[in-house]
Amino acid sequence: MNLWRDISQRLNENTPYWPGDTPYSYRLNSSIAKGSSVNVGEIRMSTHLGTHIDAPFHFDENGKKIIELDLDLYIGPALLVKIDAAKSIGVKAFTGIDFTGIERLLLATGQWKDLSRFPEWIPTIDPELAPYLADRGVKLLGLDLPSVDYLDSKELPAHHALSGCGIHILEGLVLESVEPGLYDLAALPLALEEGDGSPVRAVLKRKG
Ligand SMILES: Nc1ccccc1C(=O)C[C@H](N)C(=O)O
Ligand SMILES: [Zn+2]
Ligand SMILES: [Zn+2]
């Protein structure tokens, strides 16, 4: 009877990380096996590891930090759509998809094929998609890729376009074998005051 389905990447020392960034590590600073009364761990990781959200401060020096983001963005109804991702994901990928009233849109591109390794290439979100989605009321865009821009992008046009249109970004979802449709989503960030990004535990529950 599992109502909620986990769509998060597991965090362990093998979790793929952005090249050059900080991988995940965990150690016990206090250990029952070594005579302590309790096990107490310490984690170290990039704020952009695995399933995570981007705060605008990630790509904009004056952008909002994690603690300033509206929690309502990350809990509520979400539409999951499977799209054919060619080089870039543009308006065309959405023909025939009705997302009237949808504030949270999740894209299953299927382009991060081996989740045990960081991808060598990913498609990008076409910046022109940002105003198109914003016009239709989308406020959160989640996807199964480690970035909305090409991996080697320095200008981050999709990040800026989405953010400029008021659309927030959720990356690194695990959407393989999840049916398209309407769900309830919860993917809350940690209460990181200085956060440029935050890991989230993203979960879905089928609606209706
Ligand atoms: N971890 C990094 C280290 C260096 C440079 C970029 C990153 C990113 O994660 C950026 C990515 N575009 C992101 O959307 O989260
Ligand atoms: Zn990120
Ligand atoms: Zn990003």
* Pair list, Cβ under 7 Å, 6 or more apart: the stretch 44-56 residue open to solvent by less than 30 Å² (accessible area, probe 1.4 Å), other residue in a strand (DSSP E or B) and among the charged types (D, E, K, R) -> 52/171; 54/171
* To do: Filter the stretch 11-38 down to residues that are surrounded by 12 or more Cβ atoms within 10 Å (Cβ to Cβ) and in contact with a Leu (Cβ under 9 Å, 6 or more places away or on another chain), then give me how many there are.
  => 11
* Structure fact -> Taking the stretch 72-111 and keeping only residues that are in contact (Cβ under 8 Å) with a residue 24 or more places away in the chain, open to solvent by 30 Å² or more (accessible area, probe 1.4 Å) and closer than 14 Å to residue 122 by Cα, one is left with 86, 87, 88, 110, 111
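Give the residue, chosen from 178, 138, 174, 148, that is open to solvent by 20 Å² or more (accessible area, probe 1.4 Å) and of a type in the set (Val, Ile, Thr). If you could, list the steps in order and put the result at the bottom.
Working: 178 fails: open to solvent by 20 Å² or more (accessible area, probe 1.4 Å); 138 fails: open to solvent by 20 Å² or more (accessible area, probe 1.4 Å); 148 fails: open to solvent by 20 Å² or more (accessible area, probe 1.4 Å).
Matching residue, one of 178, 138, 174, 148: 174.
Would you kindly identify the strands (runs of 3 or more DSSP E) lying entirely within the stretch 7-59 that contain at least 2 residues that are more than 16 Å from ligand 3 (Cβ to nearest atom) and modelled with pLDDT of 95 or more? Working first, answer last.
Values: elements: 25-30, 40-44, 52-54.
Because the criterion is at least 2 residues that are more than 16 Å from ligand 3 (Cβ to nearest atom) and modelled with pLDDT of 95 or more, the strands (runs of 3 or more DSSP E) in the stretch 7-59 that meet it are 25-30, 40-44.
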* Determine whether the stretch 81-89 contains at least one residue that is within 16 Å of ligand 1 (Cβ to nearest atom), among the aliphatic types (A, V, I, L, M) and in a strand (DSSP E or B). => yes
* Asked: Could we say that residue 134 is aliphatic (A, V, I, L, M), more than 22 Å from residue 199 (Cβ to Cβ) and part of a helix (DSSP H, G or I) here?
  -> yes
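Is it true that residue 185 is out of contact with any Pro (no Cβ under 9 Å at 6 or more places or on another chain), over 21 Å from residue 19 (Cα atoms) and touching a residue at least 24 places away in the same chain (Cβ under 8 Å)? Don't jump to the end; show me each part of the working.
Details: out of contact with any Pro (no Cβ under 9 Å at 6 or more places or on another chain): no; over 21 Å from residue 19 (Cα atoms): yes; touching a residue at least 24 places away in the same chain (Cβ under 8 Å): yes.
So residue 185 does not fit the description; no.
The values are calculated or read from the model by the stated rules, or taken from the named source; none is laboratory data. This is a predicted model, so every value here is computed, not measured. FYI the Cβ positions are ideal-geometry reconstructions off the backbone, even for glycines, and counts take in every protein chain you see. To get the accessible areas, we keep the full protein, side chains included, count just its heavy atoms, and leave off ligands, DNA and RNA. Shrake-Rupley method; radii C 1.70, N 1.55, O 1.52, S 1.80 Å.
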